[in-house]
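Undergrad: My questions will all concern the structure given below.
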Amino acid sequence: MRIAELDAKTGSDGPARARHARRAVSAAANGAPVWTQIENLLAQRIATGALAPGVRLPPANALAIDFGVNRHTMRQALAGLAARGLVRIVHGVGAFVCEFSLDYVLGKRTRLNENLSAVGIRGRHRMIESSSIAASQTIATKLDMPPGGNVLRIDTVAEARGLPISTAEHYFPMPRFEGLDGAFARTGSITHALKQFDVVDYLRRENLITARLPDVSVAQRLQQSAMRPVLYVESVNVDTAGAAIEFGRAWFAGDLVQLVVEPGR
């Protein structure tokens with residue numbers, strides 16, 4: 001798809017806008033770098049709604065032709081838009097105008113599917129891998145168990161509208177939750193999987209929230225640059241008897257998720 005075709009879909013005069021964009025870039029050739037000029041032109045179109053939220057931009061090669069520049073220059077412009085949080089680049093798929101900021105509620109009962117359903121978004125929670133490991137001092141302390149005891153680790157990615165919004169590590173004490181990974185794989189829900197282990201309800205005992213840069217593995221799972229900050233949450237869930245059942249580490253895509261703390265909810 002070329003930029004003129006994209007404009008036709010959004011009701012804009014595509015060819016005229018493309019010609020105007022090329023003239024604007026040419027006229028400012030002695031000022032800011034060309035990629036900065038293109039970045040600013042596209043940012044203006046996003047701000048005015050000419051490029052609507054959720055729209056997938058044409059491939060960098062097509063945009064480069066429309067703007068009369070090389071592919072490297074166009075990719076620098078797109079990288080600038082991504083750094084400003086205006087577009088999200090999904091490697092191997094394309095660049096999308098950032099379309100939503102999900103309010104993810106952290107309360108007494110924090111549930112992924114309920115958070116998504118509350119705003120009318122269908123999501124998916126999938127397992128990346130699972131393993132039985134010895135609990136570190138930190139994990140053991142959070143789960144009120146002796147260091148070195150076995151825990152089940154489940155790594156997951158949560159998606160909304162086809163985009164990864166978070167990746168997490170979940171730790172469950174063994175042997176109580178042996179086989180929970182299989183239950184999660186079948187249901188796609190931690191809550192539903194826990195019900196198969198007689199945990200009909202559970203509460204969030206604590207949340208620790210910080211902003212940080214992701215490591216390479218987290219960045220790859222979120223399909224974002226390692227230089228873009230994420231929201232990091234450590235949490236502990238307990239059953240109705242007060243026993244710790246899960247310690248979690250989660251990384252949320254900072255440009256897609258806004259964490260809302262509601263202790264009484």
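Undergrad: Identify the residues of region 78-96 with backbone N under 17 Å of a label point that sits 7 angstrom from the Cα of GLU159 along the Cα-to-Cβ direction, or state none.
TA: Backbone N within reach: 88-96.
Undergrad: Label points 7 Å out from Cα along the Cβ direction at VAL200 and THR187: separation in nm?
TA: Taking the simple label geometry, VAL200 and THR187 are separated by 1.4 nm.
Undergrad: Figure the gain on full extension for MET227 and LEU213 (residue separation times 0.36 nm, minus the Cα-Cα span) and round it to one decimal in nm.
TA: Extra length from MET227 to LEU213 when fully extended: 4.4 nm.
Undergrad: To continue, here is another question. Where in region 107-141 does the label zone of VAL261 land, with the point 7 angstrom along Cα→C-beta and an amide N cut-off under 13 Å?
TA: Under cut-off, by backbone N: 107-108.
Undergrad: How much of LEU208 can a 1.4 Å solvent probe reach, expressed as accessible area in Å² and rounded to 10?
TA: Result for LEU208: roughly 90 Å² accessible.
Undergrad: Using Cα-Cα distances under 8 Å and only pairs 6 or more residues apart, what relative contact order does region 69-159 have, in percent?
TA: That works out to 19 percent.
Undergrad: Percent relative contact order of region 31-103, based on C-alpha pairs within less than 8 angstrom and at least six residues apart?
TA: Here the relative contact order equals 38 percent.
Undergrad: OK, next. In region 64-161, what is the volume of the convex hull around the alpha carbon atoms, normalised per residue and reported in Å³?
TA: Taking only Cα atoms, region 64-161 has a hull volume of 171 Å³ per residue.
Undergrad: Which semi-axis lengths, in whole Å and largest first, follow from the square roots of five times the eigenvalues of the Cα gyration tensor of region 191-262?
TA: Semi-axes, largest first: 28, 13, 10 Å.
Undergrad: Right, another one. In whole Å, what is the distance between the alpha-carbon centres of region 112-131 and region 152-202?
TA: Between the Cα centre of region 112-131 and that of region 152-202, the gap is 10 Å.
Undergrad: While we're on this one: Placing unit charges on C-beta atoms (Lys and Arg positive, Asp and Glu negative, everything else neutral), compute the dipole magnitude of region 173-265 about its Cα centre in debye, rounded to 20.
TA: Charge dipole, region 173-265, about its Cα centre: 200 debye, nearest 20.
Undergrad: Another question about this same structure. Which of the peptides 52-58, 76-82 is most tightly packed, and how do the rest follow, going by the mean number of other Cβ atoms within 10 Å of each residue?
TA: 76-82, 52-58
The values are calculated or read from the model by the stated rules, or taken from the named source; none is laboratory data. Being a predicted model, the structure only gives us computed values, none of them experimental. Don't worry about glycine lacking a Cβ; one is built from the backbone with ideal geometry, like all the others, and counts go over all protein chains shown. Quick note on the areas: whole protein, heavy atoms, side chains included, nothing else; ligands and nucleic acids left out. Shrake-Rupley method; radii C 1.70, N 1.55, O 1.52, S 1.80 Å.
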